[in-house]
Structure formats: C-alpha cells, structure tokens
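Here is the structure we will look at.
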Amino acid sequence: MKIYFASFGCKVNRYETDVMAQEFEKIGGEKISSPEGCDVCVINSCTVTANADADLQKFIRSVKRRTPECVIALTGCFAQAFPEKAAELGADIITGSGKKTSLPQLVQDFFLTKNKVCEVGIVPREFEPMSLSHGSGTRAFIKIQDGCDMFCTYCIIPFARGHIRSKPLDDLRREAENLVRAGHRELVLTGINICCYGRENRLRLVDAIETVCAVKGDFRVRLGSIEPEMISDEDIARLKALDKLCPQFHLSLQSGCDRVLSAMNRHYDTALFTELVRKLRTAFPDCAITTDIMAGFPTETEQEHIISMDYIGKIGFAKAHVFPYSERSGTKAAEMNGRLDSTVKNRRARELISAARQSALEYNRKFVGRTVEVLFERETEGKPHAGHSREYHLVKVPNNGEASWHKIMKRVRITEAYAEYLVGVDADGRR
C-alpha cells in the first residue's frame with residue numbers, strides 16, 4: 001500500500017502526520033513522496049485561515065485529477081470544524097481531531113467494504129495517545145498538549161481542537177528518550193496552547209520542560225509558541241536552571257495596541273508583555289524574542305496600526321510572523337462591524353513586515369564578533385553548511401569541501417549579519 005501524506009498548517013499537524021505515517025508502517029504502508037501512484041492520500045487539514053481552507057480544497061482537486069483511483073482520507077481541524085464542507089470535498093474517509101491514530105484501520109476497512117466513512121463526532125476530552133519513535137531530521141517535534149479554552153474572538157481552533165488536555169509526563173519522558181536514542185539533536189515541545197500544559201492535573205508547562213531536559217544525551221530543547229500571561233516568575237527561575245533549554249521564546253503578541261488586544265479577547269496588555277520580555281532578558285541575556293502579529297483586525301484604526309508597528313521596534317523582536325486577519329465563520333470577530341478591505345490589510349501587513357525585518361537586523365547585528373553554538377541541519381552540494389543557533393538564528397558557514405556537518409554542533413564565530421541569517425566561520429579554526 002503506497003501512501004502519500006500531506007500536512008497543512010502548524011507544527012502540531014506535522015507531528016501528527018509523522019505519527020500517522022509510523023502507524024501505517026505497522027500495517028505495511030509505504031510512504032511515498034508524491035501523490036502520483038499512491039493508493040491512499042492522507043491529509044491532515046488546517047482551518048486557521050480562509051486561505052488554509054482554499055489551499056486544502058485546491059490540493060484535493062489536484063490529487064483527484066492526478067490520481068483519480070486513490071483513496072482520500074481527510075482528518076484534522078477543517079474536518080472537525082466543518083464536517084459538512086469536508087464531505088462535499090469528496091473524501092472517502094473523514095475523521096476529526098481525535099481519531100488520527102485509527103486511520104490505518106479505517107483505511108483497511110474501506111478497502112474491504114468500499115463504504116465511505118465519516119467519523120467526526122465531538123472532540124474527546126482525553127489526550128489521544130501519540131508517540132513518535134524516530135524521524136529523519138536533526139530536529140524532532142513532540143506534541144505535549146492539545147486543545148484551547150481561550151476563545152480569542154478571531155480563532156476557530158477551540159471549536160476544532162476542543163478543551164485542553166495534556167500528554168502524561170511518563171509518556172513524554174519515554175518519547176523524548178526514544179527520539180534522542182534515534183539520533184535527534186533538538187526536541188521541540190509543541191501543542192495548540194502549550195502554556196496550558198497539565199492544567200487539568202495541577203501541572204505546569206515547566207514540569208514538562210524539566211522532564212524532557214532530564215533525559216540523558218547530548219541534545220537541546222526548544223519551546224513552541226507560549227502565551228505571555230501564563231509565564232510566572234517561578235517558571236522563569238526554573239527555566240533558567242535548565243542548560244539544555246534554548247534561549248528563544250516565541251511570545252504570541254497579535255497586536256501592539258491595547259484596545260485591539262481587548263477586542264481580540266487576549267488576556268494581557270502591552271505593559272504585561274513588555275515586563276515579561278524584561279524578565280526573560282534578565283534571566284537569559286540576549287535571548288531571542290519572536291512573535292506573531294496580525295494585521296487589519298476588524299475595527300483596527302490606522303493610528304492603532306501605527307501603534308502596533310512602533311511596538312515592534314520598542315520590543316526589538318528577533319523575528320515576527322506577520323499575517324493579515326482572516327475571517328472565520330463561527331467566531332465573534334466575524335460578526336464585528338468595521339471589517340477592513342483586503343487591500344488595507346495587506347498594506348498594513350507589508351508595513352509590519354518591514355518593521356519586523358528592521359528589528360531582526362538590529363538584533364542580529366549584536367552577534368557579529370561573538371561565538372555561538374550551531375546545530376547543523378542542511379547539507380546541499382555547492383551550498384554553505386547551514387543550521388540554527390540556540391537563539392534560532394539561521395547560520396551559514398562557507399563549505400570548503402569538508403565532510404558533512406549534518407547533526408553536528410559546532411562553535412561558530414559570526415562575521416556578518418543580515419535580517420534573515422548570520423554568516424560565520426568555524427570558531428575552532430577550520431572554515
């Protein structure tokens with residue numbers, strides 16, 4: 001059975017898709033790199049934006065045109081949030097957010113009966129057992145948490161992913177041990193809202209981080225996106241003691257204007273955000289603060305956009321993911337007056353991107369002349385060695401024909417800085 005896997009959206013979806021691929025391996029499934037010639041196309045969908053929905057529909061049409069006889073199994077957030085629309089796309093098997101690991105059995109049943117399956121239902125309250133044992137990359141993701149109860153006014157995810165639920169610490173430890181044993185040099189803890197980790201069991205995110213950092217081996221630990229209001233002084237003190245933790249903190253901002261944050265139902269203001277950044281930089285000097293920023297939220301005025309843009313420079317983000325607001329039916333923001341024209345949203349996004357790029361350049365220039373630890377990931381003939389620092393800089397080193405540096409950590413002295421990457425030389429004397 002030849003299977004093509006397609007993952008749309010966030011790192012959580014990528015992790016889940018890798019787990020599903022391992023589950024199909026157990027029944028003899030062969031993962032292939034193109035939809036052409038596949039027996040089954042497994043699609044893990046995203047619905048965070050209207051563009052994500054459009055991309056999904058376009059992809060399914062393309063698969064049907066290129067490989068009309070293949071079985072299409074559609075799972076994930078789009079299927080969960082909009083099961084009726086999912087059925088209209090012509091998938092043979094549809095599941096929601098809680099039955100991803102059951103897909104191999106559903107596919108086998110379909111081949112026997114040829115009966116289409118739609119098993120969406122409600123999102124389960126228990127964490128779906130998932131464990132990744134190996135992968136091919138330098139970096140491996142671990143999904144530690146699912147669901148969100150925050151109900152930001154623009155977001156459909158609470159309806160697609162359900163209530164918060166967390167991976168048990170013992171399961172997390174075993175998965176981390178397996179991935180380190182398989183040769184991964186960096187583990188990234190990810191989830192829908194990882195700051196809610198363990199809330200149902202009186203645990204905190206830092207408990208999960210400490211559990212992974214306690215695993216024996218030469219590897220680093222990185223965090224996914226975290227919510228600013230959920231990091232306490234005690235958390236920071238405990239994080240500071242963890243040598244394996246990378247000093248990069250992705251704090252989801254969304255807007256640098258307090259009125260807009262309130263309209264979004266975000267649970268912090270810029271004063272809290274600024275103070276958290278100060279505390280993190282005190283504990284982790286020159287740590288990377290990265291973020292997400294939305295352009296053109298309904299009712300956002302031009303002056304509020306300028307305030308948000310100025311805030312980027314005030315904080316000095318190492319990197320910012322900027323995106324225009326996308327209306328999602330079923331959310332409160334979709335019912336607000338004052339929705340903005342796409343040309344306004346796109347123009348504001350471009351301006352925010354420009355401000356973020358300047359901020360990144362200023363941050364990166366601080367590292368010229370310094371030595372950083374780089375985990376090398378990419379090896380392409382004729383191209384520089386490339387990898388990421390602990391602060392998540394992309395770092396390039398000229399390749400003078402050395403043996404592969406893949407999965408090797410090296411000390412690199414930085415000689416040049418650009419907004420997108422740094423350039424350096426081997427600090428131990430070899431270029």
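Laboratory data are not the source of any read-out in this text; all were calculated from the coordinates shown. These numbers were taken from a predicted model, which means no experiment stands behind them. Note: ideal-geometry Cβ built from the backbone for every residue, glycine included; neighbour counts use all protein chains shown.
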| Hz values of 3J(HN,Hα) by residue in the stretch 340-349 - Karplus curve (6.51, -1.76, 1.60), Gly and Pro given as x | 9, 5, 4, 5, 5, 4, 5, 5, 5, 4
| query | Which whole-number percent gives the relative contact order of the stretch 160-211, counting Cα pairs below 8 Å spaced six or more residues apart? | reply | 45
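Based on the Cα gyration tensor of the chain, what are the three equivalent ellipsoid semi-axes, each the root of five times an eigenvalue, rounded to whole Å and given largest first? Can you show the working numbers first?
On the way: eigenvalues 229, 166, 97 Å².
They are 34, 29, 22 Å, listed from largest to smallest.
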| remark: Given 122-129, 99-106, the highest-first ranking by average Cβ count within 10 Å works out to 99-106, 122-129
| said: What whole-number distance in Å separates the alpha-carbon centres of the stretch 142-171 and the stretch 309-371? | reply: 24
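Using the Kirkwood radius over C-alpha pairs as Rh, can you work out the diffusion coefficient of the stretch 139-365 via Stokes-Einstein at 4 °C, viscosity 1.567 mPa s, in µm² per second?
In µm²/s, the coefficient rounds to 70.
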| query | What does the helix-only formula give at 222 nm for the chain: each DSSP H stretch with n ≥ 4 adding -39500 (n - 2.57), the total divided by the residues, and the result rounded to the nearest 500 deg cm²/dmol? | reply | -10500 deg cm²/dmol
| said: Taking R0 as 51 Å, what FRET efficiency do you get between THR301 and ARG202 from their Cβ-Cβ distance, rounded to the nearest 0.05? | reply: 0.75
| request: Using the Karplus curve 6.51 cos²θ - 1.76 cosθ + 1.60 with θ = phi - 60°, work out ³J(HN,Hα) for each residue of the stretch 20-33 in order, rounded to whole Hz, and write x for Gly and Pro. | output: 4, 4, 5, 5, 5, 4, 5, 10, x, x, 10, 6, 10, 9
| message | Of the candidates LEU187, LEU361, LEU89, which one comes out as most mobile in a Gaussian network treatment of the chain with C-alpha springs shorter than 10 Å? | response | LEU89
| said: Need one number: % antiparallel among DSSP beta bridges in the chain, to the nearest 5. | reply: 30
| request: Pop out the ³J(HN,Hα) list for the stretch 90-98 in order, Karplus 6.51 cos²θ - 1.76 cosθ + 1.60 with θ = phi - 60°, rounded to Hz; leave Gly and Pro as x. | output: x, 5, 7, 10, 10, 10, x, 8, x
| message | Give me SER252, SER232 sorted ascending by neighbouring Cβ count inside 10 Å, so fewest comes first. | response | SER232, SER252
| field | Residues VAL322, VAL42, VAL344 arranged by fewest to most Cβ contacts within 10 Å | value | VAL344, VAL322, VAL42
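At R0 = 25 Å, how high is the FRET efficiency between GLU381 and ARG61 if r is their beta carbon distance? Nearest 0.05 is fine.
Working: r = 36 Å, r/R0 = 1.44.
The calculated FRET efficiency here is 0.10.
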| task | Find, among the trypsin sites (Lys or Arg not before Pro) in the stretch 199-265, those assigned to loop by DSSP (not H, G, I, E, B) with at most 10 other beta-carbon atoms within 10 angstrom. | result | ARG202, LYS216
| request: Could you list, in their original order, any pairs among LYS11/LYS314; LYS2/LYS64; LYS319/LYS366; LYS216/LYS396; LYS31/LYS116; LYS26/LYS64 whose Cα atoms are separated by more than 19 Å? | output: LYS11/LYS314; LYS216/LYS396; LYS31/LYS116; LYS26/LYS64
| message | For the stretch 4-90, take the convex hull of the Cα atoms, compute a quarter of its surface area, and give me that in nm², please. | response | 5.4
